[in-house]
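Inspection log for the structure reproduced underneath, given as structure tokens.
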Amino acid sequence: MESKNLKVTREGGLVRLQLDRAEQANSLDIETCRELMHAAIDIDEDPSARAVLITAAGKMFCSGGDLASFASSGDRMPALLKEMTVYLHAALTRFNRMNAPVVAAVGGVAAGAGLSLACACDLVVAADSARFTMAYTRAGLTPDGSSTYFLPRIVGKRKALELMLTNRMLTAQEAEAWGIVNRVVPEDELESEAMALATQLAAGPTLAYGACKDLVLRSDAESLESQMEHESRAIAAAAHTEDAKEGIAAFFEKRAATFKGA
């Protein structure tokens, strides 16, 4: 599907999604949310897609929702937001449920839905100049984009509420210390470092990665015993895959494994 606000490119098993509204600070309007949903569905349906890298054009990762489009919708703003969140939330669900790991490369500012998007990704690489803020309540709005689910699980309830209520701006280093970011790199190395990580993941055991994502995602809602049962079934299912056979053979043959994602 052709996209206006999202550039989708492929390099082998790596799919790169670039937010492409630099003049609007890569803010999310209804079209962009719809395009993200379609892109996520297409990737989820493509077994050859083995990792996803989310980047952004220009100097800002994502400033959040497009407040100009909200304001211009007048009395229809509540209906607009309901429709937008249908698309955005569907995209984030697919990114979390797909086997392919999803990496965000954050430069500039990730605000509002931009921070929500980063929190919903599996791994985040940030430039040392990046900044992070919730920003929703500054506009009299409330968080969306899964942030009330993921953020408390990442930083804890009190720190999540602090970010939501005060709109505190975190530096990249603070975001790393809080667990929002996995790795902070020099600004001029952001693209290469994030690409290297995503490329590494694209060469990995994709089905095992998907099972890891599923196990972690469900763990908060499970008891110890039920979670261990899910672990038992997942590792047994992984043992059926060609990647498991290859990985074990490579271990004994003292060589690097060549995984096929199958």
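The values are calculated or read from the model by the stated rules, or taken from the named source; none is laboratory data. Since this is a predicted model, take the numbers as computed values, not measurements. When we count neighbours, we look across all protein chains shown, and the Cβ atoms used for this are built from the backbone with ideal geometry, even at glycine. When the accessible area is computed, the model is the full protein with side chains, heavy atoms only, and any ligands, DNA or RNA have been set aside. Shrake-Rupley method; radii C 1.70, N 1.55, O 1.52, S 1.80 Å.
Points to keep in mind about this one:
- Listed by position, the helices (runs of 4 or more DSSP H) enclosed by region 151-262 that each have at least 2 residues that are among the small types (Gly, Ala, Ser) and either open to solvent by 60 Å² or more (accessible area, probe 1.4 Å) or modelled with pLDDT of 95 or more (or both) are 172-178, 190-202, 206-218, 224-238, 242-252.
- Some residue of region 154-161 being under 18 Å from residue 100 (Cβ atoms) and either over 23 Å from the mean Cα position of the chain (by Cα) or of a type outside the set (Ser, Thr, Tyr) (or both): no
- All positions within region 130-143 that are of a type outside the set (Lys, Arg) and either out of contact with any Leu (no Cβ under 9 Å at 6 or more places or on another chain) or outside any loop (DSSP other than H, G, I, E, B) (or both): 132, 133, 136, 137, 139, 140, 142
- First in region 77-106 and surrounded by fewer than 19 Cβ atoms within 10 Å (Cβ to Cβ), second anywhere and in a helix (DSSP H, G or I) and not aliphatic (A, V, I, L, M), Cβ under 6 Å, 6 or more apart: 77/70
- Yes/no for residue 46 being free of Cβ contacts under 8 Å to residues at least 40 places away in the same chain, open to solvent by 40 Å² or more (accessible area, probe 1.4 Å) and over 24 Å from residue 192 (Cβ atoms): yes
- Residues of region 116-141 classified as open to solvent by less than 20 Å² (accessible area, probe 1.4 Å) and within 11 Å of residue 170 (Cα to Cα), total: 4
- Test result for residue 151, touching a residue at least 24 places away in the same chain (Cβ under 8 Å) and touching a helix residue (DSSP H, G or I) at 6+ places or on another chain (Cβ under 7 Å): yes
- Close pairs from region 123-148: first without any contact (Cβ under 8 Å) to a residue 24 or more places away in the chain, partner open to solvent by less than 10 Å² (accessible area, probe 1.4 Å), Cβ under 8 Å, at least 6 apart: 148/160
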